[in-house]
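Just so it is clear, none of the values below were taken in a lab; they were calculated from the coordinates. Just so it is clear, the model here is predicted, and its values are computed rather than measured. With ideal geometry, Cβ positions are generated from the backbone for all residues, glycine too; neighbour counts draw on all protein chains shown.
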C-alpha cells in the first residue's frame, strides 16, 4: 500500500498565518517608514521605561529644574564692584542733653551745681535725710533717669532718682553700708528722653 499523506492540522495552519502576518508587518514597517519618523507624539505615556534607556545617554537638559541633585558648591567668585552711593538720609533728632553734676560747695556748707545742661537753678536740699531735688528747663516726666554717686569709689554711697511730675527730679542718697539714707555731697543725674 501506498503511503498516506496527512494534512496539516488547523492549529498549524493558523500559527503559520500568524507568523507570516507578523513578519510581513515588521518588514513592511522597516521598508516603508522613514528613519526617525516615530517621535514623542507617537509614543504613549509609560512606553519608555528606565530599563529601555541606555546608561549615561541622558544629559542635564533632559531633566526638569530640581529633578537632578545639586553638586558640591563651587569656589567663591571674585567680589563685585562697589555700587553707587545711595541718597543721603535725613538728620535724626538731636539727643536730649539733660544732666546735672551736684558737688560739695567750695569751702563746705552745702552743695552746688557743677557741670550741667538743661538745669534751671541750683539743686535744693529737701526735707529728710539725703533727699535733694533738681529742676530742669523742660518737662522730664517721660524721661528715664540715671543717678550715680559722684565720689571716686562706689563705696562712697548709693543714689536713686525719679521724676516727680513736670520738670522736677528727686534724688535720694544712701549710706554705703546700706544702713539708710545719708547726705552725700556729690552725685550725677542724667536723663534720657
Neighbour counts of other C-beta atoms within 10 Å: give me 143, 16 arranged from fewest to most. 16, 143
Round to a whole angstrom and tell me the spacing of the C-alpha centers of the range 105-149 and the range 1-52. 112 Å
Mind pulling the angle between the C-alpha long axis of helix 10-32 and the longest principal axis of the chain? Nearest 10 degrees, somewhere in 0 to 90. 60 degrees
Report the calculated FRET efficiency for residue 93 and residue 70 (r = Cβ-Cβ distance, R0 = 41 Å), to the nearest 0.05. 0.25
Ranked packing of 28-40, 114-126, most packed first, by mean Cβ within 10 Å: 114-126, 28-40
Evaluate the Kirkwood expression for the hydrodynamic radius of the range 98-192, namely the inverse of the mean inverse distance over all pairs of different C-alpha atoms, and round to one decimal in Å. 13.1 Å
Rounded to the nearest 500, the 222 nm mean residue ellipticity computed for the chain from DSSP H runs (n ≥ 4, each -39500 (n - 2.57)) alone is -4000 deg cm²/dmol
Compute the length gained on full extension between residue 61 and residue 117: take 0.36 nm times their separation in residues and subtract their Cα-Cα distance, giving the result in nm to one decimal. 12.9 nm
Could you list, bin by bin from short to long, the percent of Cα-Cα pairs of the chain in 10 Å steps? 7, 17, 12, 6, 5, 6, 6, 6, 7, 7, 5, 6, 4, 2, 1, 0, 0
Could you grab the relative contact order for the chain? Cα pairs under 8 Å, six or more apart, rounded to a whole percent. 16 percent
How much length is gained if the chain between residue 52 and residue 23 is pulled fully straight, taking 0.36 nm per residue apart and subtracting their Cα-Cα distance, in nm to one decimal? 8.1 nm
